[in-house]
Amino acid sequence: MRSQHADRFNHDEDAPEYDLDVRHEQDPIRAGYAELLEWVAAAAQVGPDARVLELGSGTGNLTVLLPPVHELICVDISSAMTAIARDKLVERPGIQWVEADLLECLEPPHASAQGAFDAVVSSYAIHHLVPEERALLFARLVERLRPRGRIVVGDLMFADEEARERFVASARARRELELADTIEDEFFWLLDRDRARLEELGLAVATRRFSELSWGIVAARE
């Protein structure tokens, strides 16, 4: 199953400028980016024997922060961004690169469709899924977690729908129309709902906020 907006959010065109763009942390979309990626890599708590799945590996900015593991499967739909990531990590052994959508990568014949994982990590990617697809992804990932495994995500989120509406209204009042349009065009997490879904799947959930829009979430199997 392919997510319905997979082609729209393929970032091939953005790849050449992406690493420069994410440094502009004065942009609310980018604020907290570097600190959040470092936190995700540390919160994954993986060692040399771990098997890890990274969803939305992009140009490899999170990947390079992960410690060496036994097996790392990096998934991204953008061939251009994956090419940049490959160059950054050319000397890192044990990485399999999968060019696929976040949902379809969990289906055969992709390598990411096989076996269980000690950790699943992701940064600034899962907000491209509509809420129903995000719920499906959560359920599929929980099925693939080993005992004491964890899902660690850094992404764009709001505490709830009211917080989202307030932010959009404020952005429009400040004439930050592109920012408001971006938020209305994409599917930022709503933490009250998404946290509840993860907890219903039997995971213990903790969150940390890094900026107005960027949050980290750990969902661990106990």
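What follows draws every value from the coordinates through simple rules; no lab data is involved. On a predicted model such as this, the values are computed, not experimentally measured, just so you know. Cβ: placed from backbone, ideal geometry, glycine included. Neighbour counts: every protein chain shown.
Ranked by how many other Cβ atoms sit within 10 Å of their own Cβ, fewest first, the residues 101, 14, 194 fall in the order 14, 194, 101. Among the GluC sites (Glu not before Pro) in segment 11-62, those placed in a DSSP loop whose Cβ has at most 12 other Cβ atoms within 10 Å are 13. Spin-label model, residue 2/residue 173: points 7 Å from Cα along the beta carbon direction are separated by 4.2 nm. Here's how it looks for residue 190: its modeled amide H is under 5 Å from those of 158, which are all 5 or more places away or on a different chain. Sorted ascending by nearby beta carbons within 10 Å, beginning with the fewest, 127, 24 become 24, 127.
The alpha carbon convex hull volume per residue for segment 28-82 rounds to 78 Å³.
Modelled spin labels at residue 34 and residue 136, positioned 7 Å past Cα toward Cβ, are 3.8 nm from each other. Note: segment 38-125, Cα convex hull, 81 Å³ per residue. In segment 146-222, the ratio of gyration radius to Kirkwood radius, Rg to Rh, stands at 1.07 when only Cα atoms are counted.
Under 5 Å between amide hydrogens, built in the peptide plane, is the criterion, and for residue 149 it picks out 221 among residues at least 5 positions away or on other chains.
Once the piece of chain linking residue 45 and residue 148 is laid out straight, how much longer is it, given 0.36 nm per residue of separation minus the C-alpha distance between them? Between residue 45 and residue 148, full extension yields 36.0 nm more. In segment 66-149, what GluC sites (Glu not before Pro) fall in a loop by DSSP, with at most 12 other Cβ atoms inside 10 Å? Passing both the DSSP loop test and the Cβ count: 91. Computed over segment 1-47, the P(r) curve from all C-alpha pair distances, binned at 10 Å from the origin, holds 21, 32, 39, 8 percent per bin. Taking a point 7 Å out from the Cα of residue 182 in the direction of its Cβ, the residues of segment 52-92 whose backbone N falls within less than 17 Å of it are 59.
Shown is the FRET efficiency for residue 25 and residue 163, computed with R0 = 22 Å from the Cβ-Cβ distance and rounded to the nearest 0.05: 0.60. Taking all Cα pairs closer than 8 Å and separated by 6 or more residues, the relative contact order of segment 7-108 comes to 25 percent.
Think of the chain as having a plus end and a minus end, set by charges on the Cβ of Lys, Arg, Asp and Glu; of 95, 65, 50, 50 sits farthest toward the positive end of this dipole.
The residues 1, 157, when put in order of fewest to most other Cβ atoms within 10 Å, stand as 1, 157. Expressed in nm to one decimal, what extension gain is obtained for the pair residue 70 and residue 13 from 0.36 nm per residue of sequence separation less their Cα-Cα distance? That pair, residue 70 and residue 13, stretches by 17.3 nm at full extension.
Between segment 168-196 and segment 198-220, the C-alpha centres lie 18 angstrom from each other.
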